[in-house]
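Down below is the structure, laid out as structure tokens.
The values are calculated or read from the model by the stated rules, or taken from the named source; none is laboratory data. Only a predicted model underlies this, so the values are computations on that prediction, with no experimental measurement involved. Cβ coordinates were reconstructed from backbone atoms using ideal geometry, including for glycine residues, and neighbour counts include every protein chain displayed.
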Amino acid sequence: MTLSLSITRRHALGFLATAAVCPIQAATPWTDTLRAARGQTVYFNAWAGSERINTYLQWVASEVQRDFGVKLQHVKISDAADVVKRVRAEKQAGRQDTEGTVDLIWINGENFAAMKQGGLLSAPFAANLPNFQWVDTAGKPTTLVDFSVPTDGLESPWGMAQLTFFADTKRLPQLPQNMAELLALARSQPGRITYPRPPEFHGTTFVKQALIEHAPGVKALAQPVTPAALEAQAAPLWRFLDALHPHLWRGGKQFPQNSAAQRQMMADGELLLALTFNPNEAANEIAAKRLPATVQSWQFAKGTIGNTHFVAIPYNAPSKAAAQVVANFLLSPAAQARKADIDVWGDPTVLDVARLPAAERARFQSAPHAGQVRQSAPALPEPHASWVDALEKEWTRRYGV
């Protein structure tokens, strides 16, 4: 019997302990969910831009097929927003509760907010997952709040993310600890700093980090954006970017299309640093011998933006029971430990490892890897999801030509 299956059976009623966190109504007994799931196919719409992630999902597929009789089909996508549009179109076309094309979606942020607001999600399910009891909802509050929008059990946490920078310390021994120091570095090393072009989410995250560091009223960012709030809170951001852009790569007239391109430019020595939302990315690249061991990762001293990524079930998913079984497996200590392994993916866990039984806790113990963040900084909360579109549109108006 595998660990994931034993965990599932041993804690079949574990959701009762978390019902106060994510209230649910008329929860189906987990044994009934397992029975209904057997023989179903889950079409999991998930980003496919990483071979490591794709390989990990192939492993997940083999595990859930063997242990639960569920077939997992990875529908490879480049942008979750496209899936949101598809589900919305299905609802507008009158497709009923089991007539959709998506069973599970990898999602967070503005895409979750859009699905929640549009009534595009299935009933709350997260607290009904037996393995949800291991989620660190106290130490990692973003497992319950997604870009300042309460999840209300409509999505299940899968992994943690935090804006992280990395650089070869042979070229950059002094690592900037905030946006002001980054600006000073750009002025002293013109053409060797940049960030991905928004709306690519790493680029947008860079802009949001600068917003948080410069906004006169940070608490206002947790509220839905208004034209007045955008004008008041983002004015210092635009002044900062106006000062920064002339010193960037190609004078701030062009930007890398994504973080992978920026990482390669750093590896080639064209840029001094790169950025990621996975604190272990540099360690992954060092382990794969695509970056030298002298590369170091860091986060700004007072913190960088952090969030949780999730999986959710659309309202019209044909295989809702099997989608829950997959979501529960993704939360199992076995699956979370494998995902956190630098040699597999390196995606930080959402679980409270200290509360796990000893055998499962031991799965997360590993020696430090070159390139990992040496001193984690506070994870700063994301602005409300509505700020994303507003910032991207204004950034494009000002700098996108």
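In region 309-322, which residue that is among the aliphatic types (A, V, I, L, M) and more than 19 Å from the chain's Cα centre (by Cα) is nearest to A81 (Cα to Cα)? Restricting to residues being among the aliphatic types (A, V, I, L, M) and more than 19 Å from the chain's Cα centre (by Cα), the top hit is A317.
With respect to the stated conditions, A138 fails to be part of a strand (DSSP E or B) and surrounded by fewer than 23 Cβ atoms within 10 Å (Cβ to Cβ).
Residue selection: D97 fails the criterion of being surrounded by fewer than 19 Cβ atoms within 10 Å (Cβ to Cβ) and modelled with pLDDT of 95 or more.
Could you tell me whether H369 is surrounded by fewer than 22 Cβ atoms within 10 Å (Cβ to Cβ) and in contact with a strand residue (DSSP E or B) (Cβ under 8 Å, 6 or more places away or on another chain)? So H369 does not fit the description; no. Taking the criterion of being among the small types (G, A, S) and either part of a loop (DSSP other than H, G, I, E, B) or free of Cβ contacts under 8 Å to residues at least 40 places away in the same chain (or both), the residues of region 211-230 that qualify are A215, G217, A220, A228, A229. Only residues that are under 19 Å from Q257 (Cα atoms) and surrounded by fewer than 18 Cβ atoms within 10 Å (Cβ to Cβ) were counted across region 179-227, and they come to 1. Taking K91 as the residue in question, decide whether it is of a type outside the set (A, V, I, L, M, F, W, C), in a helix (DSSP H, G or I), surrounded by fewer than 20 Cβ atoms within 10 Å (Cβ to Cβ) and within 20 Å of the chain's Cα centre (by Cα). So K91 does not fit the description; no.
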